[in-house]
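Everything below concerns the one structure shown next.
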Amino acid sequence: MVFRRRSAVYMLLVGALVLFLGPFAWLLDTALKAPDELRALPVHWWPHHPNLSNFRDALTHIDYFGYARNSLTIATVYAVLVTLASAWAGYGFARLHAPGKKLVFNVLLSTMMLPQILTLIPTYLLFAKLHLTNTYVPWVLWGLCGAPYLIFLFRQFFSNMPKELEEAAIIDGCGQIRIFWRIFLPQSWPVIATSLILSFSWTWGDYIAPALLLDDAHTTLAVKLAYGYVNAHGSPLGNLVAAGAVMYVVPVLALFLIVQRGFVAGVATSGLK
Amino acid sequence: MSTGQITAPGAPSPSGEAAARPGPRTGAHSARGRRSLSSRRALSFYVFAGPWVLGFLALTAFPLGYALWLSLTNADGLSDNSRFVGLDNYREVFTDPETMSSLARTGIFTAITVPLTLAAGLLLAILVNQPIRARGVFRTLLYLPAVVPPVGAALTFKLIFDRDSGAANGALDALNLDGISWLMDPYARWVLVTLTLWGAGNAMIVSLAGLQDVPKELYEAARIDGANTWQSFSRITLPLLSPVLFFQVITGIIAAVQSFLPLLISLDPTPRGVTAVPEGNYLFMIHVFAQYFANGRYGYASAMLWVLFLIIVAITFLVFKLSKGAVFYAVDPEPDKQSRPRTLGGK
């Protein structure tokens, strides 16, 4: 009975794995096919002469490294700033008290419900007036403010730290900034890691904001990838798209696989407790 | 990180106050000492919350006000002489058949994907919670698609469902069936649903966290009492999991009504161009983009987004009301109420 049930679990899981990993397999498969194989009928399940030239061409057909550098710059700058700023604000919400705090906190929570695009249209017009489009200043500004979700994450973490931590420091004459910087922040590396990874991959994956705010030279890989691979007649080059997409997705997946243990726990518990 | 308290985040009255108890009190016993200490503490709260508050005012509140103003004008981004048109844009939102049908389509999309994702995530969570070999590997691999950036996911699905070179038609061909134009009507909507479901690993992880908090003793007790698998699932697992499922329903709806994945699936290989999005995938957000980018109707697009926001708020409120009896909190969602210091206006 138990044995039968267990093998049913394995069968269902293996079936799910095939469905969930199949798309990755097809992406890789397409990236390894020669260009004319894409037009072959019937469809070639495996590339007959697998080679890596698509990857080379994908790197040169568009200025791949240039766009990747843009993406990397935006994502790194934003991730570092937003993590620090969110920890900063999260500490205030977790550990300090002031009149009006509840109101501020409720505003913070309700901004999570705002459709991002609702503020993005006027923000675009605003930045255009300030001549900040085609620069990365908007990401710096967004980063410095912190993100509500990450603030919430840090707040939850800091709330659960023992009182004794700061009591001793206060007796020693530490100010709140020192307590935050020297005591609380160093203790919170699991949240810092989660926040860095989340915010990095949001920005790496974001399409709307760069499409709106950046021109062709400053834009990110996510935007360029979506329309950059066409031949002289404007028809899409499927295998270059696939090769480009593999190189775009793999760093994110690799990062995730390296940190997944702590990350999955962080994501799972963040919003819930 | 676990406190053993399960609350629904984003609730109108969150447990915020309760969990964040005021900091420790030092030896300041005189009223005056306490006041100066608490005002210093209040000041430091604003030092810490300040950057967010400023950012909120400049980058959220101001743009929101601007969006509200825009929605009352006929601004098009080209001419400077946009003028106040009152509620005309809002009237148009509710009378334009294209806007209304895209809204209805978004409702159907949400009604299909949210329950399916929830069910798939729950099923997978139950499976990877079984005492089996390599379940860590299963968890990781099933979660993997949820990590793929939307553009990468959309491109991948475009390749799979390509008319000529895609795997889907390859499979049909192997079965001697005719190929299908998957990315066009009437099939495009199912490609979109499949693509959305591909990320069910997220729901799996959240449900899994909930499952792991269910005390094992409850199942043992139920088994001794003669409960079968279905009974312990429906009487123990589901009620204890309901706050987690409720959280997913709310966040799922909010995400689904804002979905712009069809834009990425139908993206034309020309800069900032969108090929005709198949009618079945012409969701509300796509209509907003079309009005905004293609027609430059900033005013009308802003009015549409305000309507969407009000709908999100209304749905969230409704789901909260409807779920009152169905969501079961093992622990009082507002803990520590009694332990609040009396100095803060306690009874």
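The values are calculated or read from the model by the stated rules, or taken from the named source; none is laboratory data. Small disclaimer: the values here were computed from a predicted structure and weren't measured. For neighbour counting, all protein chains shown are included, and Cβ atoms are generated from backbone atoms with ideal geometry for every residue, glycine included. The area values use the complete protein model at the heavy-atom level, side chains included, leaving out ligands, DNA and RNA. Shrake-Rupley method; radii C 1.70, N 1.55, O 1.52, S 1.80 Å.
Scanning segment B:167-185 for residues that are touching a helix residue (DSSP H, G or I) at 6+ places or on another chain (Cβ under 6 Å) and at the interface with another protein chain (Cβ under 7 Å from one of its Cβ atoms) gives a single hit, B:Ala167.
The set of residues in segment B:114-135 that are open to solvent by less than 40 Å² (accessible area, probe 1.4 Å), facing chain A (nearest Cβ under 9 Å) and over 16 Å from B:Val193 (Cα atoms) comprises B:Leu124, B:Leu127, B:Val128, B:Gln130, B:Ile132. When restricted to residues that are of a type in the set (A, V, I, L, M) and open to solvent by 40 Å² or more (accessible area, probe 1.4 Å), segment A:129-169 contains 7.
Condition check ((1) assigned to a helix (DSSP H, G or I); (2) within 7 Å of chain B (Cβ to nearest Cβ)) across all residues:
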site	(1), (2)
A:Leu41	no, no
A:Pro47	no, no
A:Tyr67	yes, no
A:Ile74	yes, no
A:Lys102	yes, yes
A:Leu109	yes, yes
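So for segment A:132-147 (the condition being over 22 Å from the mean Cα position of the chain (by Cα) and closer than 30 Å to B:His287 by Cβ), does at least one residue qualify? Yes - at least one qualifying residue is present in segment A:132-147. Listed by position, the helices (runs of 4 or more DSSP H) inside segment B:178-273 whose residues that are within 28 Å of A:Gln260 (Cβ to Cβ) and open to solvent by 20 Å² or more (accessible area, probe 1.4 Å) number at least 3 are B:188-197, B:238-257.
For segment A:225-241, the count of residues that are surrounded by fewer than 19 Cβ atoms within 10 Å (Cβ to Cβ), facing chain B (nearest Cβ under 10 Å), in contact with a helix residue (DSSP H, G or I) (Cβ under 7 Å, 6 or more places away or on another chain) and of a type outside the set (Ser, Thr, Tyr) is zero. Please go through segment A:1-50 and pick out each residue that is within 19 Å of A:Ala245 (Cα to Cα) and of a type in the set (Val, Ile, Thr). Of everything in segment A:1-50, just one residue is within 19 Å of A:Ala245 (Cα to Cα) and of a type in the set (Val, Ile, Thr), namely A:Thr30. Considering only residues that are modelled with pLDDT of 90 or more and open to solvent by 70 Å² or more (accessible area, probe 1.4 Å), look in segment B:39-83 and name the one that is farthest from A:Leu126 (Cα to Cα). Only one residue tops the list, namely B:Tyr46.
Conditions tested, residue by residue: (1) over 27 Å from B:Ala75 (Cβ atoms); (2) free of Cβ contacts under 8 Å to residues at least 60 places away in the same chain; (3) among the hydroxyl-bearing types (Ser, Thr, Tyr).
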site: A:Ala87; (1), (2), (3): yes, no, no
site: A:Pro99; (1), (2), (3): yes, yes, no
site: A:Leu109; (1), (2), (3): yes, yes, no
site: A:Met113; (1), (2), (3): no, yes, no
site: A:Thr133; (1), (2), (3): no, no, yes
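The residues of segment A:76-100 that are among the small types (Gly, Ala, Ser) and at the interface with chain B (Cβ under 7 Å from one of its Cβ atoms), listed by number, are A:Ala85, A:Ala89, A:Gly92, A:Ala94, A:Ala98.
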